[in-house]
Amino acid sequence: MWIHDKIKKDLEDIYPGSIKKLNNIKSIPYEKAILLTAYLWENCFSTDNDIWVGSSRGLLWQIPNDWIETNVEKILQHIKIDWSDDFQYSNMCAVFFHIPSILKILIDIARKKVINSAVLEFVNDFEEYLPNGDMHIYQKTMELFESSKGLLID
């Protein structure tokens, strides 16, 4: 996996050698592991640079899901997010929509913090996704596709 040089440098600044230890995050001192995870997760939604996001997601997904799930609330304390920004919120959730317990925590936090209708729409969409899994996403995608057929240029 190709990793953006700035991300490599930033991770090394947080904890030297961390890139090779992400899949065994427990071998990194706890506070440093939290900071590494927060840094990577925040990079997944703080920019629309595909290379940056791809590098960050690839590294973040090396960290065991159960460790992230156990420490998600502590990790979130170190993430800068504007809970009223629908782009940031939806992308923050999208990183872990495959882990319902983490997604549920993000939904609950947004419900408490947000008064923005655009974010609440994403909250409702993600909440609807939880019990339905991938089939729901597929169905929504197909509905969108069908509704836009007349708009396609041949």
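The values are calculated or read from the model by the stated rules, or taken from the named source; none is laboratory data. Every value quoted in this text rests on a predicted model; they were computed, and no experiment measured them. A quick note on method: Cβ atoms are made from the backbone with ideal geometry, for glycine too, and the neighbour counts reach across all protein chains shown.
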Conditions (1) of a type outside the set (A, V, I, L, M); (2) farther than 28 Å from Glu121 by Cα; (3) crowded, with 18+ Cβ neighbours inside 10 Å; number of the one not met by Asn43: (2)
Residues that are without any contact (Cβ under 8 Å) to a residue 40 or more places away in the chain, touching a helix residue (DSSP H, G or I) at 6+ places or on another chain (Cβ under 8 Å) and not in a loop (DSSP other than H, G, I, E, B), drawn from the stretch 66-83: Ile68, Glu69, Asn71, Val72, Glu73, Leu76
Unmet criterion (only one of (1) of a type outside the set (A, V, I, L, M, F, W, C); (2) surrounded by 14 or more Cβ atoms within 10 Å (Cβ to Cβ); (3) not assigned by TED's automatic domain parsing to the domain that holds Trp41) for His98: (2)
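So which residues in the stretch 1-13 are surrounded by fewer than 17 Cβ atoms within 10 Å (Cβ to Cβ) and either touching a Gly at 6+ places or on another chain (Cβ under 6 Å) or part of a helix (DSSP H, G or I) (or both), if there are any at all? Explain how you work it out, then say what you get.
Initial filter on the stretch 1-13 (surrounded by fewer than 17 Cβ atoms within 10 Å (Cβ to Cβ)): 1-3, 5-6, 8-10, 12-13.
Met1, Asp5, Lys6, Lys8, Lys9, Asp10, Glu12, Asp13 - these are the residues of the stretch 1-13 that are surrounded by fewer than 17 Cβ atoms within 10 Å (Cβ to Cβ) and either touching a Gly at 6+ places or on another chain (Cβ under 6 Å) or part of a helix (DSSP H, G or I) (or both).
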The stretch 16-40 - residue that is closer than 23 Å to Asn91 by Cβ and of a type in the set (Val, Ile, Thr) and, of those, surrounded by the fewest Cβ atoms within 10 Å (Cβ to Cβ): Ile19
Odd one out for Ser46 among (1) over 14 Å from the mean Cα position of the chain (by Cα); (2) over 17 Å from Leu22 (Cβ atoms); (3) among the hydroxyl-bearing types (Ser, Thr, Tyr): (1)
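Do we find a residue being out of contact with any strand residue (DSSP E or B) (no Cβ under 9 Å at 6 or more places or on another chain), assigned to a loop (DSSP other than H, G, I, E, B) and at pLDDT 90 or above anywhere in the stretch 24-41?
So the first thing to find is which residues in the stretch 24-41 are out of contact with any strand residue (DSSP E or B) (no Cβ under 9 Å at 6 or more places or on another chain), and the list is 24-41.
Among the residues that remain, those that are also assigned to a loop (DSSP other than H, G, I, E, B) are: 28-29.
Subset that is at pLDDT 90 or above: 28-29.
Scanning the stretch 24-41, I find at least one residue that is out of contact with any strand residue (DSSP E or B) (no Cβ under 9 Å at 6 or more places or on another chain), assigned to a loop (DSSP other than H, G, I, E, B) and at pLDDT 90 or above, so the answer is yes.
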